[in-house]
Amino acid sequence: MEQSILDGPEADTTTRRYEEARAAAHRAMSSVTLIPDKPAAEQTEPERLAYRGFKFGAAFFGWLIMISMLVLLSAVVGGAATAAYYILGYTKTDLEDNAGTFAISAAAAVVLVISLAFYIGGYVAGRLVRFDGMRQGFGVWMISLLLIVVACSLGAFLNSNYDFTGRIDRPDVPLTDDSLLTGGLVTAAALLMLPLLFALLGGRTGQRYHDKIDDLIA
């Protein structure tokens, strides 16, 4: 009797309802779109926002290191140039005959020394902070630019009152005015852009130290 009830119409209805519920559940699961969680590097925590952005302290200490390295590198290059002058036996006539070559070499050495100093200063500034190392490198360059503008303005003001440039005995350089103008403009452009690029690169390189630690922790 019990077997006949299970095999009757009620059993067919229960089986049909079970199949319909199973099909509906399958359709619902197939229509769900799973959104993966954002990586930890892309998640912005409110507590970390205070540590991001430009930090004047880091940029200032990076600028101090840049000045120190500029003095050190200038002394090294100047000593090497003086030693080469005496060892190779250059004379004043040789310098005058090859004024263009020596001028280009001197300009290239100056640009290289300043760029390396800015790279080291940017690296230190980027190493002092955990985030935004390139902004700290830019800060090193910006502090230098602002101080140069202030120094030039002060110099122009003092020169207008005391005529310092008129008292300078300028050497007679055996180069034409066009050559001096062209070389000066190229050197000025290089001194403006290359230190900036090196400072940004140094700041980014300094930040990589913290990035490696974050990768190990993650």
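None of the figures in this text is laboratory data; all of them are computed from the coordinates on show. Just so it is clear, the structure is predicted and the values come from calculations on it, not from any experiment. As a convention, Cβ positions derive from the backbone with ideal geometry for all residues, glycine included, and neighbour counts pool all protein chains shown.
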Return the distance in nm (one decimal) between the two label points of a simple spin-label model at Phe131 and Leu181, each offset 7 Å from Cα along Cα→Cβ.
-> 5.0 nm
How do 147-153, 137-143 rank on mean C-beta neighbours within 10 Å, highest first?
-> 137-143, 147-153
Whole-Hz Karplus ³J(HN,Hα) for the stretch 138-153, in order, using 6.51 cos²θ - 1.76 cosθ + 1.60 and θ = phi - 60°, x for Gly and Pro?
-> 5, x, 4, 5, 5, 4, 4, 5, 5, 5, 5, 4, 5, 5, 5, 5
Using a Förster distance of 35 angstrom, determine the FRET efficiency expected from the C-beta separation of Asp214 and Phe56, and round it to 0.05.
-> 0.90
FRET efficiency estimate (nearest 0.05) - Cβ-Cβ, Leu191 to Glu96, R0 25 angstrom | 0.45
